[in-house]
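The block underneath contains the structure these notes are about, expressed in structure tokens.
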Amino acid sequence: MISKLIPLTILFISLNIFSQKNEVGFFAGGSNYIGDIGPNTFINPSSLAIGFLYRKNFNQRISARAKINTVNIKSNDLKSSSQFRFQRGKYFENTILEFGLGLDFNFLDFDLTESSFQMSPFFGIGISYVSFDNYDDGVSPSPAPAIKLDKNKSIAIPITLGYKIKPKNNLIFAIEVTANPTFSDNIDGSDNNPVIFSRPFDSNLSNDWYVYSGISITYIFGKKFCCRDD
């Protein structure tokens with residue numbers, strides 16, 4: 001899968017690369033997991049998420065994004081308000097490597113060719129290939145060590161809400177939150193422990209999610225457009 005994504009990403013970046021509608025930069029922030037271990041607070045950054053992104057702006061409202069992120073996640077039943085989870089005492093840590101493509105939609109006109117101050121809230125959606133370790137979880141508070149079994153992979157559908165600004169220069173600053181529902185219920189290793197305390201480990205209500213929130217900084221590059229007639 002990765003061998004197919006890398007050439008596609010290179011092709012995606014090479015299209016019209018000399019236009020000033022291009023951005024390249026990085027993302028940094030905090031991450032958290034929502035699933036069968038620990039609390040299920042939607043935004044609760046407790047680990048680190050970092051990555052690189054490229055954005056191609058087709059017009060003032062629509063742009064395409066390619067990204068590569070490393071997302072650390074962890075959770076602990078001892079921090080859960082659920083009595084069953086607290087008594088069960090499971091915990092896990094994992095690292096997700098994410099390759100994604102998607103579209104961003106600006107709610108306001110956001111013109112990269114203008115030297116004036118620009119700002120807009122935006123919404124994004126896409127698809128990501130995610131790779132992560134497959135663990136047999138540990139137990140708190142001993143803690144008994146988690147056992148690494150092998151590698152696993154899945155697909156996620158990232159949904160982003162954010163707000164971005166462009167001062168009078170070639171930099172764009174954005175604050176954003178991305179929720180990533182996945183097609184896996186085993187990022188936390190719950191499928192490796194199907195029954196505990198005579199009850200199913202996982203709830204089977206939904207697959208695992210991970211969320212990251214933070215800031216991105218991108219640089220606008222390429223040839224300038226020809227001047228427009230006034």
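Filtering the range 92-132 to residues that are β-branched (Val, Ile, Thr) and more than 16 Å from residue 21 (Cα to Cα) leaves 95, 96, 125, 127, 130. Against the conditions (1) at pLDDT below 80; (2) within 21 Å of residue 53 (Cα to Cα), residue 169 satisfies every one except (1). The residue that is surrounded by the most Cβ atoms within 10 Å (Cβ to Cβ), among those in the range 45-93 that are among the small types (Gly, Ala, Ser) and within 20 Å of residue 27 (Cβ to Cβ), is 49.
Among what's in the range 30-84 and is within 18 Å of residue 96 (Cβ to Cβ) and hydroxyl-bearing (Ser, Thr, Tyr), pick the residue that is farthest from the chain's Cα centre (by Cα). By that ranking, first place goes to 75. Residue 91: hydroxyl-bearing (Ser, Thr, Tyr), at pLDDT below 95, touching a Pro at 6+ places or on another chain (Cβ under 9 Å) and not in a loop (DSSP other than H, G, I, E, B), yes or no? Yes, satisfied. Determine whether the range 187-199 contains at least one residue that is at pLDDT 75 or above, of a type outside the set (Phe, Trp, Tyr) and at negative phi. There is at least one residue in the range 187-199 that is at pLDDT 75 or above, of a type outside the set (Phe, Trp, Tyr) and at negative phi. Scanning the range 105-112 for residues that are in a strand (DSSP E or B) and in contact with a strand residue (DSSP E or B) (Cβ under 6 Å, 6 or more places away or on another chain) turns up at least one hit.
The values are calculated or read from the model by the stated rules, or taken from the named source; none is laboratory data. What you are looking at is a predicted structure, and each value in this text was computed from that prediction instead of being measured. Glycine also receives a Cβ, built like all others from the backbone with ideal geometry; neighbour counts cover every protein chain displayed.
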